[in-house]
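Novice: One structure follows; several queries about it will come next.
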Amino acid sequence: VREREIAKLDLILDQLSTRLNSVVKSFPTIDEIHPFYRILANTIVPIDDLKQALAGLSSAVRISEQIVRESQRLLRRAKTPAEARKLREAAYGRISSIVNRLKSRLEILRKAAKEFRKFPSVTLSLPVIVVAGYPNVGKSSLVALISTAQPEIAEYPFTTKKISLGHFPLNSTHGQIVDIPGLLDRPMSERNPIEQRAIAAIQYLADCILFLIDPTLMCGYELQSQIALLNELKEVFPSVEIFPILNKSDIASEDEINRAQQMLDLELVPIINTLDRKHTENQFYEIIRSSKFVQEKLKHFLDQSP
Ligand SMILES: Nc1nc2c(ncn2[C@@H]2O[C@H](COP(=O)(O)OP(=O)(O)OP(=O)(O)O)[C@@H](O)[C@H]2O)c(=O)[nH]1
Ligand SMILES: [Mg+2]
């Protein structure tokens, strides 16, 4: 009887630690996560809560192990079958109350894992182009036209809520283009979680930014506001290359285009519309070729490849 009760405790400990450890191992080590994913994660679950939840699981395994070892020690000295059974039952009781207390932690981890799975998977050694701008200016349309991504497109603002990533052919390999939610011109401290993720993509992923501007009023926002956002991004990310592009040339009047060019104070602004694939692709690749950081990363990648 003694041997049987000892074995039962080994079994329960084995099952418990296998399951809880596999949950812990399914998460990356929080301190080693790339800052982009850390910020994304933090908009879902505060990083400290995540760390605590994982630490709670590990410590539940440790405590259960202690309970089992201690009970087994007492069990070896049990005089009667009834005493042995009682010791084993007492250990079960203590372990199950520890497991019950993990409920809220497991709930946090379940929710986090579900959302984390939706994060885009970025190859950091290959060039990343981020498409930014006000809502409704045509960012998702451009990303859909250029790449394999299929972001949602609609004629109303704030359609895009999550970051999506597509690939496009680039020399003998591929580049990545990232669609982010539209940004308004407002202080960083006032940005909501959706915008925070968009900013994280710019800050940590972008080798260059294509900044789309709608010179018509179709997007619903003034040109001044759009250009103010462009200037803010330049100020906040001085080391990132930003290429302004005028979109919707199919419906923009000559006046609207001239006005935008004047306000941008640039000699040559690429002008595209996402209905004209050939022209837009040509403009896109011309920009990519002129981007110093994209070309550097591409060269480095190709030099490393066998
Ligand atoms: N006429 C015209 N319409 C365009 C062009 N590009 C995009 N649109 C339209 O503009 C609307 C908004 O396009 P989206 O691609 O969803 O814009 P977005 O910038 O991703 O918008 P958010 O996700 O809300 O930030 C849609 O109705 C598109 O069909 C263009 O070049 N010409
Ligand atoms: Mg969009």
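Nothing in this text is a laboratory measurement; each read-out follows from the coordinates by a stated rule. Worth saying up front: this structure is predicted, and the values here are computed from it rather than measured. In this analysis, Cβ positions are derived from the backbone assuming ideal geometry, glycine residues included, and neighbour counts consider all displayed protein chains.
Novice: Select from region 275-286 the residues that are within 16 Å of ligand 1 (Cβ to nearest atom) and assigned to a helix (DSSP H, G or I) and list them in ascending order.
Specialist: ARG277, LYS278, HIS279, THR280, GLU281, ASN282, GLN283, PHE284
Novice: Could you please tell me which pairs satisfy a Cβ distance under 6 Å, a separation of 6+ or placement on different chains, a first residue in region 124-139 that is polar (S, T, N, Q), and a second residue that is more than 13 Å from ligand 1 (Cβ to nearest atom)?
Specialist: SER125/PHE301
Novice: Looking at region 125-180 only, could you name the residues that are closer than 15 Å to ASP207 by Cα, away from ligand 2 (no atom under 12 Å from the Cβ) and aliphatic (A, V, I, L, M)?
Specialist: Those that are closer than 15 Å to ASP207 by Cα, away from ligand 2 (no atom under 12 Å from the Cβ) and aliphatic (A, V, I, L, M): LEU126, VAL128, ILE129, VAL130, LEU165, LEU170, ILE177.
Yes/no per residue for (1) touching a Leu at 6+ places or on another chain (Cβ under 8 Å); (2) under 14 Å from ARG110 (Cα atoms):
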site	(1), (2)
THR18	no, no
LYS51	no, yes
SER58	yes, no
VAL61	yes, no
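Novice: Now for a separate question. Within region 197-212, is even one residue part of a helix (DSSP H, G or I), surrounded by fewer than 16 Cβ atoms within 10 Å (Cβ to Cβ) and of a type in the set (D, E, K, R)?
Specialist: no
Novice: Another question, if that's okay. Take the conditions more than 15 Å from ligand 1 (Cβ to nearest atom) and either outside any helix (DSSP H, G or I) or crowded, with 18+ Cβ neighbours inside 10 Å (or both) and apply them to ALA144. Does it pass?
Specialist: No; evaluated as a whole, the condition is false for this residue.
Novice: Yes or no: region 183-191 includes at least one residue that is within 13 Å of ligand 2 (Cβ to nearest atom) and within 15 Å of ILE209 (Cβ to Cβ).
Specialist: yes
Novice: Is it the case that region 246-259 has a residue that's within 21 Å of ARG186 (Cβ to Cβ) and surrounded by 14 or more Cβ atoms within 10 Å (Cβ to Cβ)?
Specialist: No, region 246-259 contains no residue that is within 21 Å of ARG186 (Cβ to Cβ) and surrounded by 14 or more Cβ atoms within 10 Å (Cβ to Cβ).
Here is a yes/no grid of residues against (1) part of a helix (DSSP H, G or I); (2) within 16 Å of ligand 1 (Cβ to nearest atom); (3) buried (at least 17 other Cβ atoms within 10 Å of the Cβ):
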| residue | (1), (2), (3) |
| --- | --- |
| LYS51 | yes, no, no |
| ILE63 | yes, no, no |
| ALA90 | yes, no, no |
| SER96 | yes, no, no |
| SER125 | no, no, no |
| PRO157 | no, yes, no |
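Novice: Quick check on region 179-202: of everything there that is out of contact with any helix residue (DSSP H, G or I) (no Cβ under 8 Å at 6 or more places or on another chain) and away from ligand 1 (no atom under 14 Å from the Cβ), which residue is farthest from ASN231 (Cα to Cα)?
Specialist: PRO193
Novice: Let me ask another. Let me confirm something: among LYS114, LYS86, LYS118, which residue is under 30 Å from LEU170 (Cβ atoms), out of contact with any helix residue (DSSP H, G or I) (no Cβ under 8 Å at 6 or more places or on another chain) and of a type in the set (D, E, K, R)?
Specialist: LYS118
Novice: Here's something else I'd like to know. Name the single residue that is farthest from GLN224 (Cα to Cα) among those in region 234-261 being among the charged types (D, E, K, R) and touching a residue at least 40 places away in the same chain (Cβ under 8 Å).
Specialist: Among residues in region 234-261 that are among the charged types (D, E, K, R) and touching a residue at least 40 places away in the same chain (Cβ under 8 Å), the one farthest from GLN224 (Cα to Cα) is GLU241.
Novice: Determine, yes or no, whether ILE177 is in a helix (DSSP H, G or I) and of a type in the set (Val, Ile, Thr).
Specialist: no
Novice: Out of region 232-247, which residues are out of contact with any strand residue (DSSP E or B) (no Cβ under 9 Å at 6 or more places or on another chain) and either among the small types (Gly, Ala, Ser) or assigned to a loop (DSSP other than H, G, I, E, B) (or both)?
Specialist: PRO238, SER239
Novice: Look through ARG110, ARG94 and report the one residue that is over 30 Å from ARG197 (Cβ atoms), more than 16 Å from ligand 2 (Cβ to nearest atom) and not polar (S, T, N, Q).
Specialist: Answer to the check: ARG94.
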